[in-house]
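The values are calculated or read from the model by the stated rules, or taken from the named source; none is laboratory data. Nothing here was measured: the structure is a model prediction, and the numbers come from that model. Here the Cβ positions follow ideal geometry from the backbone for every residue, glycine too, while neighbour counts run over all protein chains shown.
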Amino acid sequence: MKTLLSYSFSSLATHMHSWLKNVIANDLLLTITELVIIGVCLLVFLILLAFFLGYMERKVAAFMELRLGPNRVGPKGTLQIVADTVKLLFKEGFTPDAADKFLFNLAPGIIITTALLAVAPIAYAKGFQLWDINIGVLYISSVSSMAVIGILMAGWSSSNKYSLIGAMRCGAQIVSYELSIGLSLISIVVLTGSLSLNDIVESQANGWWIFKGHIPVLISFVIFVVASTAEINRAPFDLVEADQELTGGFNTEYAGMKFAMFLMAEYINLFVVSAVAATIFLGGWMPFHIGGLTGFNHIMDYIPSSIWFFGKTLFIIFIIMQFRWTFPRLRIDQLLNLEWKYLLPISMVNVLLVTLMAIMGWHF
Amino acid sequence: MNEIGLTHILFISTALFFIGVYGFLTRKNLITMLMAIELILNSVNINFIAFNKYLYADKLDGLFFTIFIITIAAAEAAVAIAIIIHLYRSLKSIDVDDADIMKF
Amino acid sequence: MSASSVIFYIIAAVIIGGGILAITSRKIFRAAVYLLFSLLGIAALYFYLNYEFIAAVQIVVYVGGIVVLIIFSIFLTHASGDEMKRPVLWRAVFSGLATVFAAALTYLFITDHNFVPVGYALDHPVAPSVKNIGLQMLSTTEHGYILPFEVVSMLLLAALIGCIVIAIKIKTKE
Amino acid sequence: MFLKEYFGSIFSSIKSLLTGMKLTGYYFTHLNKIITEEYPDNRATLKMPERFRGEVIMPHDEKNEHQCTGCQSCELSCPNGSIKIITKQEIQPDGKKKKRIDTWVYHLDMCTMCGMCVEACPTTAILMGNEFEHSQYEKKYLKKVLNKPGSRLKDGVE
């Protein structure tokens, strides 16, 4: 049992690397092969994840509205999302006549690439991280800021008024909400003293930041969840696509596989945001411990680290989905008011409080 | 890494600098001229980073120059775009040839 | 040719190709997108040189800030589908000649000059980590940058106010 | 004062958000409250709510009598002309001639189930029925005559 607990994926990775080294002699070829293997694994994982999140969202939505949700295709409707994917795959990839064809076809690619890039530095389990970059938090926030370009591109190149208005709203929304996301991340960076996601997880071995950091960290957690919901354009901040007023916003003109790419990027972004929140505020793969209760702590240790990570991530995803099915959509002026009058000043003051706390050592 | 020397990176930055200069000279649209200026500033940034990396690895001064240049470029772009939008409001054009009055 | 040099040449091609297309494309939004690719290539070059912090800053400021600003101003000042005028021929030819000659001159200088790193520098490299950057940025000793840091923050504040003053719409009483 | 208002608005908004989330969370955790009917499977046990409007019906009692006097207020109140009433003159036992309905034609294909005819009816001769499985292959089957053959007006209804 002890060996299972201390198991880390790095031994598997080194094992595979040495095996591949024996098979493939050429250095360049070896690197390419390994990159391809990692890429394919990651893509399959993310596609399965998007399927799961799509199914989860429908079920959560249905149960919150006293409905049953999908229940025809497959047992309990589990294959519904597969059927939808097949339908989207066989749909005609339509490009409007007046569209800027190059940009129109490039935009879904940009959006999904940025979504995939942000997955890299997340620590999924103990010793299982694709890229332990020492600026992890900054990297994720910088890469996720690129998604706005894809949306602006899609909106402009459709040469359609609805799309253009959706893209303009998106620009205003993402650029402004990025500020409070950055500030709420900085509050934890100040406490930890490192930008690396791995260090941040390690620093929570004796307690998650949301418990250690008192009220200021709680405030920044709430701000992070709210602002990241806005950043990934989910309801109640989905006025970028706003079906009722803009008939779909920037993805009005998209159909078939290109639309499926937008959809998948949305789910990957949802996962990334929740994973970052889980890593930074809820301790990543660290188990839940209560000081003093050694027996309880031992039981918690027996649960594998990846289950802790995915459990926390799914909890945040569930909360964001609950937002979607509870609150009505905001108007654009309400949206900008919320950011510039409430979230930004509060998070600025909050960063000062956290800095004071870190200097005085008031956290546990 | 050993095959790629300082000169390789300097060639990139030189090429980028003169691409920017060419764009600045030929374009007549204010926004595209701003883009050319961004290219020029970036080529300078590349130079600073490369010199810091290859010649003065014991210091970080090149890196700080890059950070300050990026900051100033951001401020400059913001002000330039404010001016461009103001110009567009009064002249309905952002062509440099149209902006030939001294006060508006 | 090793993998690392292949990656370098790909990055170089993206930077230079993006730059060339950005200043020759006649559709302005496409020019902005090519500029974006060029800037991303430069960020990749910083990653390649192990300057991760500056690469992330490059992406945040240029891609998340400046290119978005440029695209916004394009939205406000152009209609979708417009094409820009072709540059005047003699102007294009003369500026092309001038830049080619200047680039050739610079090329000669670079190839002639032998860049030799200082021995001390090679023996005592400083890692460009966030910690070192932060400590040196805010130190008041010889290589500290606290004064420029504060001056730049003043400049940013001035730019902020200046932008608002310039772009604000003055309501005239009619 | 301003600060009090500012923070007061923050707290009240957080409170209202939590109230909404409490409601959806309650529904999410109480799956027995789900009201979805899995229609084709439970056709045998399906029970439609009373207020459901499936079609217009004209109830007849056991003596094959209805209550329609042929006043045509339903025909006038129908917004899309799906009711057509053809009347006839009937000789009463005392020799007087009275207006009675001959055929009460109901075009289901034009009906929007607004229920205005039911509201307009002074004698409650017509009601909204619960039946909703009306699908037909041809449109002509949707034209229905509501009064049964040989039916007559109930005594005492004027």
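Listed values, structure above:
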read-out	value
Residue in the stretch A:181-189 that is out of contact with any strand residue (DSSP E or B) (no Cβ under 8 Å at 6 or more places or on another chain) and closer than 29 Å to A:THR252 by Cβ present	yes
Leading residue by the ranking (farthest from B:TYR88 (Cα to Cα)) among those in the stretch C:30-50 that are within 7 Å of another protein chain (Cβ to nearest Cβ) and surrounded by fewer than 22 Cβ atoms within 10 Å (Cβ to Cβ)	C:LEU49
Any hit, the stretch D:24-37, residues being assigned to a helix (DSSP H, G or I), closer than 23 Å to A:GLN334 by Cα, more than 29 Å from the chain's Cα centre (by Cα) and of a type in the set (A, V, I, L, M, F, W, C)	no
Qualifying residue in the stretch D:45-66 (condition: surrounded by 12 or more Cβ atoms within 10 Å (Cβ to Cβ), among the aliphatic types (A, V, I, L, M) and free of Cβ contacts under 8 Å to residues at least 12 places away in the same chain)	yes
Residues located in the stretch A:50-94, provided they are among the charged types (D, E, K, R) and not in a loop (DSSP other than H, G, I, E, B)	A:GLU57, A:ARG58, A:LYS59, A:LYS76, A:ASP84, A:LYS87
Matching option when the condition is β-branched (Val, Ile, Thr) and within 13 Å of chain A (Cβ to nearest Cβ), among D:THR24, D:THR45, D:THR69	D:THR24
Answer from A:PRO304, A:PRO287, A:PRO345 - the residue that is surrounded by 12 or more Cβ atoms within 10 Å (Cβ to Cβ) and modelled with pLDDT of 85 or more	A:PRO345
Helices (runs of 4 or more DSSP H) within the stretch A:201-269 that include 2 or more residues under 30 Å from A:ILE186 (Cα atoms) and over 22 Å from the mean Cα position of the chain (by Cα)	A:209-212, A:214-231
Candidates A:THR95, A:THR78, A:THR113 - the one that is surrounded by fewer than 18 Cβ atoms within 10 Å (Cβ to Cβ) and within 11 Å of chain C (Cβ to nearest Cβ)	A:THR113
Restricting the stretch D:117-140 to residues that are exposed (fewer than 14 other Cβ atoms within 10 Å of the Cβ) and touching a residue at least 40 places away in the same chain (Cβ under 8 Å), the residue that is farthest from D:TYR39 (Cα to Cα)	D:PRO122
Scope the stretch C:5-26; condition at the interface with another protein chain (Cβ under 7 Å from one of its Cβ atoms) and in contact (Cβ under 8 Å) with a residue 40 or more places away in the chain; matching residues	C:PHE8
Selected residue (criterion: nearest to C:ILE42 (Cα to Cα)) from residues of the stretch B:55-93 that are within 7 Å of chain C (Cβ to nearest Cβ) and among the acidic types (Asp, Glu)	B:ASP61
Which listed residue is without any contact (Cβ under 8 Å) to a residue 24 or more places away in the chain and under 19 Å from the mean Cα position of the chain (by Cα), from A:ILE307, A:ILE320, A:ILE299, A:ILE303	A:ILE307
Helices (runs of 4 or more DSSP H) completely within the stretch C:98-174 that count 2 or more residues being within 30 Å of B:ILE84 (Cα to Cα) and more than 8 Å from every other protein chain (Cβ to nearest Cβ)	C:146-167
Residue in the stretch B:97-104 that is facing chain C (nearest Cβ under 9 Å) and modelled with pLDDT under 90 present	no
Subset tally (residues that are more than 11 Å from every other protein chain (Cβ to nearest Cβ) and surrounded by 12 or more Cβ atoms within 10 Å (Cβ to Cβ)) for the stretch A:18-50	12
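Conditions (1) more than 7 Å from every other protein chain (Cβ to nearest Cβ); (2) under 15 Å from B:ILE94 (Cβ atoms); (3) of a type in the set (Ser, Thr, Tyr); (4) crowded, with 19+ Cβ neighbours inside 10 Å, marked per residue:
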{"position": "B:PHE17", "(1), (2), (3), (4)": "yes, no, no, yes"}
{"position": "B:TYR22", "(1), (2), (3), (4)": "no, no, yes, yes"}
{"position": "B:THR26", "(1), (2), (3), (4)": "no, no, yes, yes"}
{"position": "B:THR32", "(1), (2), (3), (4)": "no, yes, yes, yes"}
{"position": "B:ALA36", "(1), (2), (3), (4)": "no, yes, no, yes"}
{"position": "B:LEU39", "(1), (2), (3), (4)": "no, no, no, yes"}
{"position": "B:ASN42", "(1), (2), (3), (4)": "no, no, no, yes"}
